[in-house]
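Chemist: Take a look at this one; I'll ask things after.
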Amino acid sequence: MRLRGERHHRARQSRACVSGFSDFVSELLAGLGPEFGPIRVKRMFGGAGVYVGELPMFGLIADDVLYLKIDEALKAELARAGSGPFVWTPARGPKAGEAIDLGYWRLPEEALEEPELACLWARKAIGVAVAKALKRKKQKREE
């Protein structure tokens, strides 16, 4: 019984951290502009997905870090800015212990202090997310 209580306590702490950081991310990216719509943060798998308007997910929040959806070009830009990937290592299942790159890279540190810069990076990630969604949609139609 005690372990269960401790686990639930940690889960509440995790949700509180995600919630507080989610508010910060929403404020940070508020300057994206009305053409995109409002920032939405949706909890999932112990973290959260970041959306704008009705567009596909372009960001991921994990452990109070904002990661952005990437393609090869954006990955290279983020690497030059000193960023790094979000890597997930499952504890169980067929890929247990294997590091899996999910295609998201950390928002550069300096952008956390400069909303205009954060919005610039976010616009690039939104473009990547939309392009990838359109590509998937086209591939499904061709099948």
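Any read-out appearing in this document is the output of simple, stated calculations on the displayed coordinates, not a laboratory observation. On a predicted model such as this, the values are computed, not experimentally measured, just so you know. When we count neighbours, we look across all protein chains shown, and the Cβ atoms used for this are built from the backbone with ideal geometry, even at glycine.
Chemist: At 7 Å along Cα-to-Cβ for each site, give me the label-to-label distance between residue 140 and residue 109 in nm.
Modeler: So the two model labels end up 4.1 nm from each other.
Chemist: Continuing with the same structure: How large is the helix-only mean residue ellipticity at 222 nm for the chain, computed as the sum of -39500 (n - 2.57) over DSSP H runs with n ≥ 4, divided by its residue count, in deg cm²/dmol to the nearest 500?
Modeler: It comes out at -15500 deg cm²/dmol, rounded to the nearest 500.
Chemist: Suppose we keep just the alpha-carbon trace of the chain; what are its Rg and Dmax in angstrom?
Modeler: So, for the chain, Rg and Dmax equal 16.5, 54 Å respectively.
Chemist: Right, next: Would you mind calculating the gained length between residue 42 and residue 96 on full extension (0.36 nm times residue separation, minus the Cα-Cα distance), in nm to one decimal?
Modeler: Details: separation 54, 0.36 × 54 = 19.44 nm, distance 2.59 nm.
The span from residue 42 to residue 96 would gain 16.8 nm if fully extended.
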